[in-house]
Amino acid sequence: MENHSFPELGLTAKRSIFWLLIMAFASYSYLVYNAGTEYDRGKSFYSESAKDGKLVFQEYNCIACHQIYGLGGYMGPDLTNVMTAPGKGRPFAEAFIRSGTAKMPRFDMSDSALVHLLDYLQYVGEAGNYPVTDAQPTWYGNINLKTDADE
Ligand code: HEC
């Protein structure tokens, strides 16, 4: 018995569908592999100064009281975005480190150590956000992150 549930397609129609699928695959692949890959190397490059700053951060044991990406001690606030958050930044962080507060000791480090330390915190802040509050997938498969810093 013949099966008539599928209409017979002509060769031209089959070829059109074939090429349509190839084109769809090619454009989808192009989008997926290229969208959202722009990366400003100059901005968040892990400079020599930032590397030295990480050692300063370890030497003075800032992590005993502070967190980076939520990990660390809990006496002071998370420092991931202290350099990049609106209303904070370099002079703000410098004031805390140089002068201390009732709860944070002041640190008597050399000027160059302080510059390295701030460069390290700058690098950490530019490399990511913590906490991430909202992650929305786009129709083409990337993720848009909405963070506290955007509000
Ligand atoms: C003994 C615990 C302790 C240590 C060690 C410590 N801090 Fe703090 N830090 C605090 C506390 C507590 C605060 C909150 C200040 C307040 O409320 O008085 C703070 C605040 C800060 C702030 C302001 C953050 C903000 O978003 O308001 C920065 C920047 C900072 N510290 C950097 C550092 C760095 C860099 C080091 C290491 C060199 C360090 N701290 C070491 C306890 C500490």
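Nothing in this text is a laboratory measurement; each read-out follows from the coordinates by a stated rule. Because the structure is a prediction, the values reported are computed rather than measured. In this analysis, Cβ positions are derived from the backbone assuming ideal geometry, glycine residues included, and neighbour counts consider all displayed protein chains.
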Using only the Cα atoms of segment 44-127, what are the Rg and Dmax in Å?
11.7, 35
Among Arg15, Arg106, Arg90, the residue with the largest mean-square fluctuation in a Gaussian network model of the chain built from Cα contacts under 10 Å is Arg15
For the chain, what is the charge dipole size about the Cα centre, in debye to the nearest 20, if Lys and Arg each add +1 at the Cβ and Asp and Glu each add -1 at the Cβ?
40
Would you mind counting up the charge near Asp111? Only other residues with Cβ under 14 Å from its Cβ, with Lys and Arg at +1 and Asp and Glu at -1.
-2
Connecting C-alpha atoms closer than 10 Å in a GNM of the chain, tell me which of Ala13, Ala95, Ala135 has the biggest fluctuation.
Ala13
What does the helix-only formula give at 222 nm for the chain: each DSSP H stretch with n ≥ 4 adding -39500 (n - 2.57), the total divided by the residues, and the result rounded to the nearest 500 deg cm²/dmol?
-14000 deg cm²/dmol
Pairs of alpha-carbon atoms within less than 8 angstrom and 6+ residues apart define the contacts here; what relative contact order does the chain have, in percent?
24
Cα convex hull of the chain: mean projected area in nm², to one decimal?
15.6
Quick one: work out the % antiparallel among DSSP beta bridges in the chain, nearest 5.
90
Fluctuation leader among Phe25, Phe45, Phe92 - the chain, Gaussian network, Cα springs under 10 angstrom
Phe25
